[in-house]
Amino acid sequence: MSVKSEERAVTTTERSQTRPDAPGTAARWVSRLAFDKIGAVYVLLAIIAVFSFWVPETFPNLTTAKQILNANAVTALAALSVTIPLAARVFDLSFALNMTLCGVAVAHFVVDGVPLALAVVLGVLIGLVVGLINATVVVGMKIDSFIATLATGSLIQALITLVTNDTPISDVKLAGGFAKIGQTTTQGLILPVLYVAVVALGIWYLLEHTATGRRLYAVGFNPDAARLAGVKVARLQFLALVTSGVLAGSAGIVLASILGGGSPTAGTPYLLPGFAAVFLGATQLKNGRFNAGGTLIAVLLLGTGTTGLGLANAPQWSGALFVGIVLIAALTVTGLQRRTTLAARPAAPEGPTDQSSSTAATTQDGSA
Amino acid sequence: MNAPQVDLRPDRSTRGEADPTGRPVLRIEHLSKTFPGTRALDDVSLDVAPGEVHALMGQNGSGKSTLIKLLAAYHTADPGASAEMDGVPFDVGRSVPAGLRFVHQDLGLILELSAQDNLALHGGFARGFGGRVLWRQQEAETRRVLAAFDVDLDIHRPLAAATPVQRTVVAIAAALQGWEGGGVLVLDEPTAVLPHDEVERLFEVVTAVRRRGTSVLYVSHRMDEIFSLADRVTVLRGGRRVGTYDVASLDPRSLASTMVGDDVDPDFRAGVVERTDQPVTLEARGIRGKWLRGVDLEARAGEILGIAGLAGAGALELPYALAGKAGALARGELRLPGTSPDWHDVQHATGLDIPLVPADRQTEAVIAEFSVGENISLSALRTLGGRGRLSAKDEATLVRSWSERLGVVSAGPSAPISTLSGGNQQKVILARCLALDPQVLVLCEPTAGVDIGTRVSIYRIIADLAATGLTVVVASSDEGDLLALCTRILVLRDGVVAEELAADELTKSVLIRAIEGAEQ
């Protein structure tokens, strides 16, 4: 009897603690538009407002908007290519070099007279092989992805030098169909903007609307729990790295086409902005989950800021400064939020009773 | 009897210092700790006499760890507590007096570093001009500190190469560094990770600590240790202090009944009847692993099979092996005769889809960043929707039906799992396991960190499932779980099934004796 009443008491206190006021449609929209969900959108609007006053002649018009989209399409592709592995908490630091390799390889093939379609397919295959190598080293050989992909990056660098001799590949043959991949313009927008939209949609669907996407997040958050719940952790990490290899390779081909040739250093500048955008993106929309929409918002925010600073004739160094400040600010704010929400319920994450001590022994025993 | 049963206590007559009527070295009064939804510790008082070994006992969830964490100022205490150390009041839960030293269960050592480095990290490096470490002096100091414990250890080798008991000694030495005599050393379940034959060695070390005049607060839930080591014992149950007793006035039976008490009716029995007419649904043969040395078993539909044993006997490794999730060391074969006559290697048994409720909810089960709904549906995602699309509607239906069946109390499926109490989180994990409609369910420590009320409701859920024909295997270090639920209990010792007990008419003390290997 006493047990029963105790249970009921617990029940009521919890209800009153956790149940929010009437969760109607209005409340749902309020939560969707809350600053902690889409803070970057508000910052983006603020930035647009600031530059509209600062440089009213050149900034607030459609041409600038299109220019921002065009200029950041490759950054977006780069960032999207590492979104999936990061969702599973696997780093692919080799992606920028992979971009370079696939770009110079396709340029090399085209110059050698390989038909364009075949050259592109071969380029994508190279990206796939890089992904397979990364996956084998990280998942198969169980080396931490951060270091493993640095190592494979060095291997890729060797291949790049082998193909290019560290000199850019340029040829009139590259001005034909190859250039069209990235340079075709409609309505003032280059084709890669469309690629970004397609890839982002695909990743959004995968992560939001498939079982695989949900499992990827589970692997990223708690691989042990995911494994014990029957999720095939290694296979998902493997596939995530292969996907990122293909996507980065494709982004590299697009980049080479935009540049009109194979530059042996083309991809490297995208390493940091790519990761910056994905991490900033994870603070948006999905409460700390790496996601396509957030990544796009982040690319736009960073791109708009740097473009605006350029138009305002701000000093050269201000762009990099801006990116650094935004990243630190975004990660600090979300870190603060997480800490404050956790502080509001100190017991829940670690449990109120003896379990931590009783289980330390069992993990030793059980997970052996 | 393989548990060391030597009485290392000095004679009563020579135990003048441990006289509990003298002024206590540590005194705590009215200590409470409330977490949302539970009162983990309720008005507990405790005093430790100079030079005594004071045991703190209680089952999982009794508040032992909460008490230790409050003393270590890891948690803050509810208002109203008072505490003093050597007569000097301190703010318990906010500050830790210098004379109060801790060795936590995980020992807090850096195994990649040597004993010398570990001691120096705690006690400081001997430094000369320009911050240069005086290695010769450091080495002498290390040897001096360790000499008191008579330990044979290469102080320059990484501790990873040391035996478990050597590591424990280093941790104790590190905790006591710079504190000569007096004070209180808190040992939190020090034997939990020790092999059986090294326990005696630890007892000698504890005696050495006592000899230098330091009191020991010894946390354990193992009966034999208390009787070989402690002068007095304070028993906690359900967050309250049951009492403090002179160990000499107790016997194992009376201590056991004090620990179990009647908060949960110790005679609560799920009342599942063993049905030998039912078909065998789970068979395992030759299960080996880190601790297991060859276990065969079979279980029938509608049966709740218990696995009992000390840490190190393999009782908590077996459930992982039975679910095909025990890691690279596991060997052996499984089959589910109900679905197919084929045997499966435990390394490749994930296809059997035997769900497991893991021992450590926080690190092995709950995905803290997921909502309640996402945590429930994780194992059954492939059944929701089709052609690669995850149907939000199917998921919502699944989540709703299981939340209702198990009585999960939450603000809704989208509430973060971290807002739930331990018991409700455990129900979520149970729901995750059941969402696949399994024939066999394996549970490890099903009620660890679950409050008493929810504990009984989890027992009822499991019993109801068995009544519908589910085969349940329960491994637990809490004998109460096994007695409440099981139809049959396998007792493991040293990695093999040492005894098989029928659960009806089984008493707690008989079970405990079987687990500890005592002769009847």
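Label segment A:240-298 by shape, choosing from rounded, prolate and oblate, from the square roots a ≥ b ≥ c of the eigenvalues of the Cα gyration tensor; if a/c is under 1.5 it is rounded, and otherwise prolate applies when a/b is larger than b/c, oblate when it is not.
Details: a/c = 2.69, a/b = 2.03, b/c = 1.33.
The shape class here is prolate.
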Under the classification rounded if a/c is under 1.5, otherwise prolate if a/b is larger than b/c and oblate if not, where does segment A:37-343 fall, given a ≥ b ≥ c as square roots of the Cα gyration tensor eigenvalues? oblate
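I need A:43, A:172 ordered by Cβ neighbour count within 10 Å, fewest first. Working shown, then result.
Values: A:43 18, A:172 7.
Ranked by crowding around the Cβ, least crowded first: A:172, A:43.
Label the protein assembly as shown by shape, choosing from rounded, prolate and oblate, from the square roots a ≥ b ≥ c of the eigenvalues of the Cα gyration tensor; if a/c is under 1.5 it is rounded, and otherwise prolate applies when a/b is larger than b/c, oblate when it is not.
Details: a/c = 1.98, a/b = 1.68, b/c = 1.18.
Because a/c hits 1.5 or more and a/b exceeds b/c, the protein assembly as shown counts as prolate.
Hey, got the average number of other protein chain Cβ atoms within 10 angstrom for residues in B:353-363? Don't skip to the end; give the middle numbers.
Numbers: counts 1, 1, 3, 4, 1, 10, 11, 14, 4, 9, 8.
Counting other chains' Cβ atoms within 10 Å and averaging over B:353-363 gives 6.
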Distance in nm between pseudo-label sites at residue A:171 and residue B:43 (7 Å out along the Cβ direction from Cα): 9.0 nm
Nitroxide proxy distance, nm - points 7 Å out along Cα→Cβ at residue B:296 and residue A:50: 7.5 nm
Shielding by partners for A:267-278, please: the mean number of other protein chain Cβ atoms within 10 Å of each residue's Cβ. 0
If Lys and Arg each add +1 and Asp and Glu each add -1, what is the summed charge of the other residues whose beta carbon sits under 10 Å from the beta carbon of residue A:225? 0
Expressed as cubic angstrom per residue, what is the convex hull volume of the alpha carbon set of segment A:74-141? 87 Å³
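So if R0 is 30 Å, what FRET efficiency would residue A:198 and residue B:391 give, r being the distance between their Cβ atoms, rounded to the nearest 0.05?
Numbers: r = 24 Å, r/R0 = 0.80.
That pair, residue A:198 with residue B:391, gives E of 0.80.
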Please give the Cα centre distance for segment A:23-102 versus segment A:105-138, rounded to the nearest Å. 29 Å
Relative to the present Cα-Cα distance, how much length would full extension add between residue B:467 and residue B:246 at 0.36 nm per residue of separation? 75.1 nm
Residues whose built amide H sits under 5 Å from the amide H of residue B:75, excluding neighbours closer than 5 in sequence, are B:70
Here the relative contact order (percent) of segment A:37-343, from C-alpha pairs under 8 Å and at least 6 apart, is 34 percent
What ranking do B:433, B:486, A:102 get, fewest neighbouring Cβ atoms within 10 angstrom at the top? B:433, B:486, A:102
Given charges at beta-carbon only (K, R positive; D, E negative), |dipole| of chain B in Debye: 1200 debye
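Given contacts defined as C-alpha pairs under 8 Å and at least six residues apart, what's the relative contact order of chain B, whole-number percent?
Values: 1082 pairs, mean separation 82.6, N = 520.
Relative contact order comes out at 16 percent.
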List, in the order given, every pair from A:286/B:427; B:69/B:290; A:142/A:286; A:232/B:325 whose Cα-Cα distance in the structure shown is over 23 Å. A:286/B:427; B:69/B:290; A:142/A:286
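Lys and Arg at +1, Asp and Glu at -1: add these up for the other residues within a Cβ distance under 15 Å of residue B:179 and post the number. Please list the in-between numbers first.
Details: positive: B:101, B:144, B:210, B:211, B:212; negative: B:86, B:141, B:180.
Net of charged neighbours comes to +2.
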Would you pull out the residues with amide H under 5 Å of residue B:44's amide H, same chain only if 5 or more places away, H placed 1.01 Å from N? B:30, B:31, B:32
Please report Rg (one decimal) and Dmax (integer) in Å for the Cα set of segment B:369-437. 11.2, 36
Cβ-based charge dipole, segment B:369-437, positive-most Cα from B:372, B:383, B:410: B:383
Under a Cβ-Cβ cut-off of 15 Å, what is the net charge of the residues other than residue A:114 that fall near it, where Lys and Arg count +1 and Asp and Glu count -1? -1
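What ranking do B:417-429, A:217-229 get when scored by the average of other Cβ atoms within 10 Å per residue, highest first?
Working: B:417-429: 26.1, A:217-229: 23.1.
Highest-to-lowest ranking by the protection proxy: B:417-429, A:217-229.
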Alpha-carbon centroids, segment B:45-78 and segment B:401-440: separation in whole Å: 32 Å
Interchain or sequence-distant (5+) residues whose placed amide H lies within less than 5 Å of the amide H of residue A:210 are B:390
Counting other beta carbons within 10 Å of each residue's own, what order do A:208, B:364 fall into, fewest first? A:208, B:364
Segment B:350-399: relative contact order from alpha carbon pairs under 8 Å, six or more residues apart, as a whole percent, is 25 percent
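Could you tell me what a quarter of the Cα convex hull surface of chain B works out to, in nm² with one decimal place? Can you show the working numbers first?
Numbers: hull surface 108.3 nm².
If you wrap the Cα atoms of chain B in a convex hull and average its projections, you get 27.1 nm².
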Residues in segment B:412-450 that a label on residue B:404 would reach, taking backbone N under 16 Å of a point 7 Å out along Cα→Cβ: B:412-413
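Read-outs: derived from the displayed coordinates by stated rules, not from any lab. All of these numbers come straight from a predicted model, not from anything done at the bench. We place every Cβ from the backbone using ideal geometry, glycine too, and count neighbours over all the protein chains shown.
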